[in-house]
Structure formats: C-alpha cells, structure tokens
Amino acid sequence: MNGLDHTHDPALTSWVDSANGHRDFPIQNLPLGVFSAEGAGRRIGVAIGDFILDLTQAADLLDEEWREELALPVLNAWLARGNGDGRLLRHRLSELLSDPRYRDDVEPLLIGQSEATMHLPCLVGDYTDFYVGIHHATNVGKQFRPDQPLLPNYKYVPIGYHGRASSVRASGEPVIRPSGQRKPPEAEVPVFGPSRRLDYELELGVWIGRGNRLGEPVTVGEAGEHVAGYCLLNDWSARDLQAWEYQPLGPFLAKNFLTSISPWVVTAEALKPFRVPAMTRPEGDPQPLDYLRDSDPAPGLGLTVEALLSTAQMREAGQGAHRLSHGSAAAAMYWTVNQIVAHHTANGCNLQPGDLIGTGTLSTDSDTGLGSLLEISRGGKQPIELPTGETRSFLEDGDELILTARAEAEGAVPIGFGECRGLVVG
Ligand SMILES: O=C(O)/C=C/C(=O)CC(=O)CC(=O)O
Ligand SMILES: [Ca+2]
Ligand SMILES: [Mg+2]
C-alpha cells in the first residue's frame, strides 16, 4: 500500500520482548508521549511494549538537529518540524529497537510504563470539537429537536465549536461532577446544582503538527501533512446543562469542565497501513463543495473504537469492565479528517502545532456502536442493565469510563492507542 516502508513490515520484531504481540505498542506503532518517573521532570518518550524509551537519555543516538526539540517537556516544537522529520525519527527508533546491536546501549534507557506517569503530550493552545458522526448527530438531534434532527447545513458544512483548551487533561484525571443550571421539564425556572445527566462522548482527537499562517488556508490535499497523529478523546458532557444552555450559541459549561485524552500520540505514519475509504455518502446527498473534495482514495481510519464502564460495585465484585459500545470509526464519520482541517482553515484561521481537534462522537448506525449514554439509554428513557444487576442511564459517582481504539488490517500487525480513563467523583 501507498507510503509503507520497512517500519511497517509485519515481520519486524523488537529485542524488547514485551513489544512482540503487544496489544497496543508493538514496534510498528512507536507513539510519542510525555512522561515522568523516578522523581524527575517531564520528558519525551516513545512507547515500546510495556516500556518507554526516554528520548532525552537517548539523545546521543539520535540526529543532533533534533536535540533541542526533543529535550522539551512537551511535543509542540517537535511536531512543528512536520511529518518529514517525524518519519525520520520513526525510522531511527525502529532501527534502535529492532537491531540487537543497539540493545546494550538502549536497554538501560527503558522505563517500565507501570513506573511512569503520563502527561498531556502538548501544551494545547486551542481545542476544537467537530460533529462528524452523522449517526450521533441524528440520534442526538432527535432528542433535542424531534421536528428536525439533522439541520439542513449538516451535509454541506462540517459543524464544530471552539472548546476549552485549559481543561483538556490526560487519561486518569478525576471527573468532578459539574454543577450548573438545568431546567426540569415541568419547572418554570431553572435550578442550580450537580448535573444529573453526566455523560461521556467517544471521540478521536487529532494532533496538529505543522501549523499554517493566519490568512493562509490549508487545502484538503495538504491537510495530511499538518496532522501529526491521533489520540482517544472523551468529551465529558452534562446533558441537563447542555439542553438548557445550548441555544443559541452551542455547547458551553456543559462540556468545558473537562476533556480527557489518551496520552500517546499515535502518528499518522503508524496508521498508514490502516487507511480505508471514506464513508459512502447516501444516495441523494450533495457532493462536497470544491474546497472540501478529498481526492485521497483512503482518507478514513480503519479503527475499532470502544467504550467500557466499570462501576464501584463491579470492582468490589472483582468483575472486569462492561463494554458499552464498539464500532468502526470510518463507519461513523461523514467528514474526513482532511476535510475538517481544510474547513477549519478555509477562512484563514491558523492552526498551531499542538492544537487539538476532536472528531465528534463516533456512533455507528448499529445499536452496539453508540458513542454516548444519551444515545444508549435513549435520552435516559431506557436504562441499561449491567452484569451486577445495576442500571444506568447516565454516569454515577464511582463509575469509571474507559475508551480504547485498535487498528487492524490484513497483512499488518495490529496497533492500539492505550487507554483514556476517567473516574467520576461527586
Ligand atoms: O446540539 C446538538 O445537536 C449537539 C451538540 C453536541 O453534543 C456537540 C458535540 O460535542 C458534538 C459531538 O461530539 O459530536
Ligand atoms: Ca463532542
Ligand atoms: Mg469537553
């Protein structure tokens, strides 16, 4: 397939034994992240099997030109160099971690992932959340606007809103139940208090690498070179606050109290073997306007995304997490990542290295692939039953929500994203 090289070779193995057959981090993945361990400060590393290779310690084995950017406690400056240098670093890391001649030098620089704390990989300057999941948009629209679920602009313009960068946090950040205004259906005036309809949204996050200057749009054909990589993203949502506040300006306090992401940047390069065609537009839908026409034959992501729930009672009973949903990202996305990057910059808006874009909630058209409890419980009207006998319409205190993603394709070694976790506290 297009653009694949020896770093994608399914026969390639690592001298780091745990990498071979690893669920998430075999040598074909090599995601970058920021970690701390052993009382030292934040450093850039690459995940390999159950370990992290500390790139600041490995600096002597890497190109001298990269040293300054790789010595920083965030990836922004490194990602700003663009995907060309990203590929060169990947080649070198692949060599260092596969060729046994480097083992003696590199092995002492490995740190167990269980000993490390992961942090946000980038200083997020801006965070935007899109709404490309057409099944999600339709399902949610039915609840908020039964008369007109999908507004007429949806099939022409990739809808998004500007989220809040300061409350984007790495996996593991506690989810403090937000308080806010909600108006019970029969009440005349709203009340203020803790949200009773706390929900999650299963999304992918897109990390921007090279930015664009203000006034200089990125075309749909150029977009790929501005996307450094991907993560899982949970856009925690207080549905009762959302329903009352969203008109006319859209999501605000219902969503800006926290956004959780998985900490590893799975590079666009690592995902190359898993590209798939975009969703086929239903018969009769308009063609995208010219500036959104994506001629890439495989702009979609061949990823299975999954949401799991673990309640306090389940943990006490020693039960594993319960799967709420799983489905294909490509089957959920009406707009491709190339299209949302092109659209975001079409007016001249500048994206900067380390900016984060959420795709929007990834629900498929199947009941098993719904990416939020709002959809799964049909707006709270049909609570689900868990293996413990507990029921859920929305998240309760003590619930932990876990997102995962896995890329699979014939002839390729599967890779994963790690996890995006959040435990709800009152
Ligand atoms: O007003 C609506 O129909 C719903 C808006 C959202 O929930 C915004 C959002 O986060 C979009 C998404 O994740 O797909
Ligand atoms: Ca969202
Ligand atoms: Mg949010």
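The values are calculated or read from the model by the stated rules, or taken from the named source; none is laboratory data. This is a predicted model, so every value here is computed, not measured. Here the Cβ positions follow ideal geometry from the backbone for every residue, glycine too, while neighbour counts run over all protein chains shown. Just the protein is used for accessible areas: all its heavy atoms, side chains included, with ligands, DNA and RNA removed. Shrake-Rupley method; radii C 1.70, N 1.55, O 1.52, S 1.80 Å.
Things to note:
- The residue that is farthest from GLN143 (Cα to Cα), among those in the range 355-389 that are of a type in the set (A, V, I, L, M, F, W, C) and within 16 Å of ligand 2 (Cβ to nearest atom), is LEU356.
- Within the range 120-170, being of a type in the set (Asp, Glu) and more than 13 Å from ligand 2 (Cβ to nearest atom) holds for ASP126, ASP147.
- Meeting the requirement of 1 or more residues that are among the β-branched types (Val, Ile, Thr), the strands (runs of 3 or more DSSP E) wholly within the range 308-426 are 356-358, 400-407, 415-425.
- Number of residues in the range 399-413 that are surrounded by fewer than 21 Cβ atoms within 10 Å (Cβ to Cβ) and touching a residue at least 40 places away in the same chain (Cβ under 8 Å): the value is 6.
- Of residues in the range 196-208 being in a loop (DSSP other than H, G, I, E, B) and buried (at least 24 other Cβ atoms within 10 Å of the Cβ), the one farthest from the chain's Cα centre (by Cα): TYR200
- Within the range 209-245, tally of residues that are open to solvent by 40 Å² or more (accessible area, probe 1.4 Å) and assigned to a loop (DSSP other than H, G, I, E, B): 9
- Within the range 170-186, restricting attention to residues that are more than 25 Å from the chain's Cα centre (by Cα) and part of a loop (DSSP other than H, G, I, E, B), the residue that is farthest from ligand 3 (Cβ to nearest atom) is GLU186.
- In the range 251-278, the residues that are free of Cβ contacts under 8 Å to residues at least 12 places away in the same chain and outside the structural domain of GLY49 (by TED's automatic domain parsing) form Cβ pairs under 7 Å with partners that are open to solvent by 10 Å² or more (accessible area, probe 1.4 Å) and within 15 Å of ligand 3 (Cβ to nearest atom), at six or more places apart or across chains, as follows: PHE252/GLU245.
- Filtered residues of the range 138-151 (kept if more than 9 Å from ligand 1 (Cβ to nearest atom), open to solvent by 50 Å² or more (accessible area, probe 1.4 Å) and not in a loop (DSSP other than H, G, I, E, B)): LYS142
- Comparison of SER167, SER195, SER237 shows that the only residue that is within 16 Å of ligand 3 (Cβ to nearest atom), touching a Pro at 6+ places or on another chain (Cβ under 6 Å) and not aromatic (Phe, Trp, Tyr) is SER195.
- Qualifying residue in the range 13-24 (condition: within 18 Å of GLU115 (Cα to Cα) and part of a strand (DSSP E or B)): no
- Filter pass, LEU249 being among the hydrophobic types (A, V, I, L, M, F, W, C), closer than 30 Å to GLY84 by Cβ and either surrounded by 18 or more Cβ atoms within 10 Å (Cβ to Cβ) or within 16 Å of ligand 1 (Cβ to nearest atom) (or both): no
Matching residues to (1) exposed (fewer than 15 other Cβ atoms within 10 Å of the Cβ); (2) within 16 Å of ARG239 (Cα to Cα):
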{"position": "HIS136", "(1), (2)": "no, yes"}
{"position": "TYR154", "(1), (2)": "no, no"}
{"position": "ILE159", "(1), (2)": "no, no"}
{"position": "HIS162", "(1), (2)": "yes, no"}
{"position": "ARG169", "(1), (2)": "no, no"}
{"position": "GLU173", "(1), (2)": "no, no"}
{"position": "PRO178", "(1), (2)": "no, yes"}
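Residue-wise test of (1) over 16 Å from the mean Cα position of the chain (by Cα); (2) closer than 24 Å to PHE274 by Cβ; (3) crowded, with 18+ Cβ neighbours inside 10 Å; (4) more than 16 Å from ligand 3 (Cβ to nearest atom).
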| position | (1), (2), (3), (4) |
| --- | --- |
| SER310 | yes, no, yes, yes |
| ALA329 | no, yes, yes, yes |
| ALA332 | no, yes, yes, yes |
| LEU395 | yes, no, yes, no |
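- Checked against (1) on the phi > 0 side of the Ramachandran plot; (2) within 16 Å of ligand 1 (Cβ to nearest atom), THR359 meets all criteria but (1).
- Considering (1) hydrophobic (A, V, I, L, M, F, W, C); (2) crowded, with 16+ Cβ neighbours inside 10 Å; (3) within 26 Å of the chain's Cα centre (by Cα), the lone condition that ALA71 does not fulfil carries the number (2).
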